[in-house]
Amino acid sequence: MISVTINGDDMKRAITVTFPAPLPATITCPICEGNKCHVCKMSGKIDVKVDAKIPIQRGHIIKYIADNLKEVSAELTKTYGLTPEVNTVGVHDTGEGNYEIVQFSSIGGACWVVFRLDEIENPMYFFSRQKLDRWKKGGYE
Ligand SMILES: [Zn+2]
């Protein structure tokens, strides 16, 4: 059986992943509680198959996703139909015009497209929250 030793704070951040790969295990007979009976053929123990449960630190899973983002993203779309979420997150008045802020969120992160509402103007694209916030404060365009 695979065994992973994780201690202290790391254990708190570990999540348990169950793999669909039953492993053989011997358990104490649940009928006689080890006192030997007909069910366990007088051995006190029963052989069963159990799912492999392995604690894995969240950081390792997140690193794997970050390192394989394109493949994970394509697989999520293919398997679960998962696509980026698109939401209007606000309307902003700069004093010179009204803008709709649309956020695109995916497992790779988020980006924003800002459309002017009161006039026809090319949309603006923001790839970081800081740049969007700077624009909203009037310091960036
Ligand atoms: Zn028994």
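Anything in segment 86-140 that is within 33 Å of the chain's Cα centre (by Cα), in a loop (DSSP other than H, G, I, E, B) and over 30 Å from ASP67 (Cα atoms)? List them, or say none.
Within segment 86-140, PRO123, LYS137, TYR140 qualify.
List, please: which pairs have Cβ atoms under 7 Å, are six or more places apart or on different chains, and start with a residue in segment 123-141 that is modelled with pLDDT under 90 and end with one that is assigned to a helix (DSSP H, G or I) and not small (Gly, Ala, Ser)?
TYR140/LYS131; TYR140/ARG134; GLU141/TRP135
So which of GLU85, GLU71 ends up being of a type in the set (Asp, Glu) and in contact (Cβ under 8 Å) with a residue 12 or more places away in the chain?
Answer to the selection: GLU85.
Show the residue pairs that are 6+ apart or on different chains and have beta-carbon atoms under 9 Å apart, the first residue being within segment 21-33 and on the phi > 0 side of the Ramachandran plot and near the ligand (Cβ under 8 Å from one of its atoms), the second being modelled with pLDDT of 90 or more and not in a strand (DSSP E or B).
The qualifying pairs are GLU33/GLY44.
What's the number of the only condition in (1) exposed (fewer than 11 other Cβ atoms within 10 Å of the Cβ); (2) at pLDDT below 90 that LEU82 fails to meet?
(1)
Collect the residues in segment 49-83 that are among the aliphatic types (A, V, I, L, M) and in a helix (DSSP H, G or I), keeping them in residue-number order.
Of everything in segment 49-83, those that are among the aliphatic types (A, V, I, L, M) and in a helix (DSSP H, G or I) turn out to be ILE61, ILE62, ILE65, ALA66, LEU69, VAL72, ALA74, LEU76.
How many residues does segment 34-50 contain that are surrounded by 11 or more Cβ atoms within 10 Å (Cβ to Cβ) and among the charged types (D, E, K, R)?
3
Could you pull out the residue among GLU71, GLU75, GLU100 that is surrounded by fewer than 11 Cβ atoms within 10 Å (Cβ to Cβ), among the acidic types (Asp, Glu) and away from the ligand (no atom under 16 Å from the Cβ)?
GLU71
The values are calculated or read from the model by the stated rules, or taken from the named source; none is laboratory data. Everything quoted here is computed from the prediction, not taken from an experiment. Virtual Cβ from ideal backbone geometry, glycine too; neighbours counted across all protein chains shown.
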